[in-house]
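Comments concern the structure below.
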Amino acid sequence: MKKSLLGLTLLLSVTFVAEAQKKKIDKKFNERAAIADLTYLASDELKGRDPAAPEMSMAYDYISMQLQDAGAKPIPGADGYFQNVPFRLSSPPSKGEFTIGDSTYSQGVNLLVLDGQALSGTFELVDVGFGTPADFEGKDLTGKIAVSSVGAPDRMGPADLFSLGSEKTANAKKQGAVALIERFNIPSIPWELVANYLNRAQMTIDNGDESPLPYMWVKDLSNVLPKEIATGKAKSAKLEVEGKNNTPVDGKNVVAWIEGTDKNLKNEFVMLSAHYDHVGIGTPDAEGDSIYNGTRDNAIGTVAVMNAAKFFAKNPPKRSVLLALWTAEEKGLLGSRYFAENPLIPLNQLIYNLNIDGAGYNDTSVITVIGLGRTTADDLVSEAVAEFGLKAIADPAPEQGLYDRSDNVNFAKEGIPAPTFSLGFTAFDDEINKYYHKAGDEVDSVDLDYATLYWKSYILAAQKIANSEIQPMWVAGDKYEEAGKKLYGDK
């Protein structure tokens, strides 16, 4: 009887605390101000928040001002509320051709010159497999073109293709190569889609190289090139890349922190992140609108992190909170990748990343959590969502590879548990595609009552995780479990 009474008392206590937390968020959340933030960030004035456009400064200045006004503090080592990110914008060449025997690959058709300088001449080809460090080791590539497959056997996500391309280019140059050509041979991704998206100026992280190596993809779905190289049929090739322009771009991640209240747990951080960029100006729609406002993707997520800053600055949890608004997600997850490679806080102190991003929604009764089921904090996220009358569901469209298409993956690869908190969708259907990277993604097309529940749920989920006595980890058997053990130790 006494045990039953004790259990009931504990249950009532937990329920009371949970209800008190929800009520405080309800009371403190300023819906009108949040909608005003959303309206500004998704306004035509910012012209779609292209990270290479001058209007981007209006976005990052506004966000940093909001974090400062909220009371969040600059991170030591940052430039005020910014982490400066050096980018290079590389335009398509005026001419790009790669000729092997009777076959010619042409820019925009079956060749994409993604980065580097102009280069013309006839060069020997060397197949380097997937272009891993081991593949390059001991090879003299002086004056030759290195040819590899895109990605790696276990890394074929969109972000992997570009980040690995940068690594391979650096290794190819170190071994004396004059260019790196990667064979695009992923049948599940239509080349036409790739060519349409990449046959435009490409942004990369600038590592300070004054003579970047030419880097390109060729369409080779049938794996013809390695056979021709192996048999000597394609021992050398003619390359003509002309009219290549590279322009430096100053990028900025917006970062801040809020100190936790627990003397021990405050040395651990829950990172709340969202990308604030979008795709800028594109093809006009039927009404002639060419500004892709990016309300759903990802002004809504940006406003969630800004409002989390406002709440936690006045109601700090036990753990510290890192607030991170990334630039250039739409260019290949570049801002978050730069932070992961150049962290302002040691990565092993970041015990969880609750990222927020999304393409849109088609069900306002749910929140879709990309990665639900993969960390031990899942129950806390689900509880927070349920307290606002919604239901947390797992990724309903795994074929889209969404986990690997958002900033969270750059931290998951390091071992940090990192799901993405997305607007509710039950399928990647026409209702999603109606607004995803479209000019129609404006504030007046959004259910703002649902957006408010989304914002509040996100704050409550973050609060529960930041107050938990138990550090979240990957569930046993997850692909990132070993990376987590390496980062934090075998806890």
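Note down the Stokes-Einstein diffusion coefficient of the chain in µm²/s, whole number, using a Kirkwood radius over alpha carbon pairs, 20 °C, and 1.002 mPa s. Don't skip to the end; give the middle numbers.
Values: Rh = 23.8 Å.
Roughly 90 µm²/s, to the nearest whole number.
Cross-link pairs exceeding 28 Å between alpha carbons, from the set LYS28/LYS434; LYS28/LYS331; LYS263/LYS310; LYS244/LYS479; LYS24/LYS266: LYS28/LYS434; LYS28/LYS331; LYS244/LYS479.
Shown for segment 333-447 is the translational diffusion coefficient from the Stokes-Einstein equation, using the Kirkwood radius over Cα pairs, a temperature of 4 °C and a viscosity of 1.567 mPa s: 86 µm²/s. Computed from backbone phi with θ = phi - 60° and the Karplus coefficients 6.51, -1.76 and 1.60, the 3J(HN,Hα) list for segment 126-133 is 10, 6, 10, x, 8, x, 6, x Hz; x is used for glycine and proline.
Helix check for the chain. Which DSSP H runs span at least 24 Å along their own axis by Cα, with a mean Kyte-Doolittle hydropathy no less than -1.0? Intermediate values should be presented prior to the final figure.
Working: long enough: 2-28 (39 Å, 0.03); 158-174 (25 Å, -0.63); 448-467 (28 Å, 0.15).
Membrane-span-like by this criterion, though nothing is claimed about a membrane: 2-28, 158-174, 448-467.
What separates the Cα centres of segment 354-397 and segment 41-80 is a distance of 27 Å.
Look at ARG32, ARG183, ARG155, ARG296 and count the other Cβ atoms within 10 Å of each Cβ; fewest to most, that gives ARG32, ARG155, ARG183, ARG296.
Placing dummy labels 7 Å off each Cα toward the beta-carbon, the span from ARG32 to SER236 is 7.5 nm.
Can you list the GluC sites (Glu not before Pro) in segment 125-208 that are in a DSSP coil and have 13 or fewer other beta carbons within 10 angstrom? Working shown, then result.
Numbers: sites: GLU137, GLU167, GLU182, GLU192; in loops: GLU137.
Sparse-neighbourhood loop GluC sites (Glu not before Pro): GLU137.
Would you order ASP447, ASP220, ASP102 from fewest to most other beta-carbon atoms within 10 Å of each residue's own beta-carbon? Could the numbers behind the result be given before it?
Numbers: ASP447 12, ASP220 21, ASP102 5.
With the sparsest Cβ surroundings first, the list reads ASP102, ASP447, ASP220.
Its Cα centre serving as origin, the chain has a Cβ charge dipole (Lys and Arg +1, Asp and Glu -1) of approximately 1520 debye. Beyond 20 Å, the tail of the calculated P(r) for segment 289-370 holds 46 percent of the Cα pairs.
Provide the packing ranking of 419-432, 263-276, 138-151, i.e. peptides ordered by the mean count of other C-beta atoms within 10 Å per residue, highest first.
Values: 419-432: 20.7, 263-276: 22.9, 138-151: 19.0.
Per-residue mean Cβ counts within 10 Å order the peptides as 263-276, 419-432, 138-151.
In terms of surrounding Cβ atoms within a 10 Å radius of their Cβ, TRP326, TRP257, TRP455, TRP191 rank from fewest to most as TRP191, TRP257, TRP455, TRP326. Phi angles across segment 136-147 convert, under the Karplus curve 6.51 cos²θ - 1.76 cosθ + 1.60 with θ = phi - 60°, into 3J(HN,Hα) values of 7, 4, x, 8, 8, 9, 4, x, 10, 9, 7, 10 Hz, Gly and Pro given as x. A convex hull fitted around the alpha carbon atoms of segment 92-244 yields 107 Å³ per residue. When the Cα atoms of segment 116-206 are aligned to their principal axes, the ranges along those axes come out at 34, 30, 25 Å in descending order.
None of the figures in this text is laboratory data; all of them are computed from the coordinates on show. Only a predicted model underlies this, so the values are computations on that prediction, with no experimental measurement involved. Heads up, the Cβs are rebuilt from the backbone with ideal geometry, glycines too, and the neighbour counts pull from every protein chain shown.
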